[in-house]
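Worksheet for the structure shown next.
The values are calculated or read from the model by the stated rules, or taken from the named source; none is laboratory data. Not measured: the values here are computed from a predicted model. We place every Cβ from the backbone using ideal geometry, glycine too, and count neighbours over all the protein chains shown.
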Amino acid sequence: MWDDDRIETVEQLRSIYRSPADIAANKDRPRLDDASRRFIERSRFMLIGTHGADGSADVSPRGGPSGFVLTLDDEHLAIADLGGNNRLDSMTNIVDTGRVGLLFIVPGQGETVRVNGAAWITTSAQVLDRFALPRRPKAAVVVRVETTYVHCAKAIYRSGLYNPEAYRELADTPDGAAIMVCQGAVDADLMGSRERLDDAYARELAYERTPG
């Protein structure tokens, strides 16, 4: 039943939506302007979308202090790899297909900045040495900008992302430990699983913040 009235063509899709306003239709830019560069370099959180050679898609979060993403010039940026679970899903996809979609978020800002383009993994000292981070990253993702534009703030406003009242309303949402317990990935001891997760996060983040 989930396939009932499936949209099969772009013409069908367009028939149920109004045309975009000129400012939305024409907002793509082939390179970064000065304001977008400053926004990206101030950003502390981003989403990176990739796809594999088999067509599978992946979206992963990335975060760090302002400066974990650098704009190398108005057509290139570099994202420091600060470490994660070592599955390397995004980086493997980049090696395989060389394409990314990025969404940059700055806490407190409703608008977001999107970048789409070609990407590759580098260990070049000329790139890695530019990051002013406590620890030099092992690698970085370099992106050649093909299109960039600013997203409107409606999604952020609708979600209440920065609204403390929304935090209270959603306080009973299962956390990561609860989900892993439900999946059988960790012991059924929810409190113990939460504590182990928090301890692991604290150790890993403390290591990243220690110069070396």
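Observations
- Scanning the range 107-123 for residues that are under 25 Å from residue 138 (Cα atoms) and either in a loop (DSSP other than H, G, I, E, B) or of a type in the set (Gly, Ala, Ser) (or both) yields a count of 4.
Per-residue answers, yes or no, for (1) modelled with pLDDT of 95 or more; (2) surrounded by fewer than 10 Cβ atoms within 10 Å (Cβ to Cβ); (3) farther than 24 Å from residue 66 by Cβ:
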{"position": "139", "(1), (2), (3)": "yes, no, no"}
{"position": "143", "(1), (2), (3)": "yes, no, no"}
{"position": "155", "(1), (2), (3)": "yes, no, no"}
{"position": "179", "(1), (2), (3)": "no, no, yes"}
{"position": "191", "(1), (2), (3)": "no, yes, yes"}
{"position": "204", "(1), (2), (3)": "no, no, no"}
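- Residue in the range 84-100 that is within 17 Å of the chain's Cα centre (by Cα), in a helix (DSSP H, G or I), among the aliphatic types (A, V, I, L, M) and surrounded by 15 or more Cβ atoms within 10 Å (Cβ to Cβ) present: yes
- Residue list for the range 56-82, restricted to those being exposed (fewer than 14 other Cβ atoms within 10 Å of the Cβ) and out of contact with any Gly (no Cβ under 6 Å at 6 or more places or on another chain): 56, 57, 61, 63, 65, 66, 73
- The number of residues in the range 15-48 that are of a type in the set (Asp, Glu) and closer than 21 Å to residue 154 by Cβ comes to 2.
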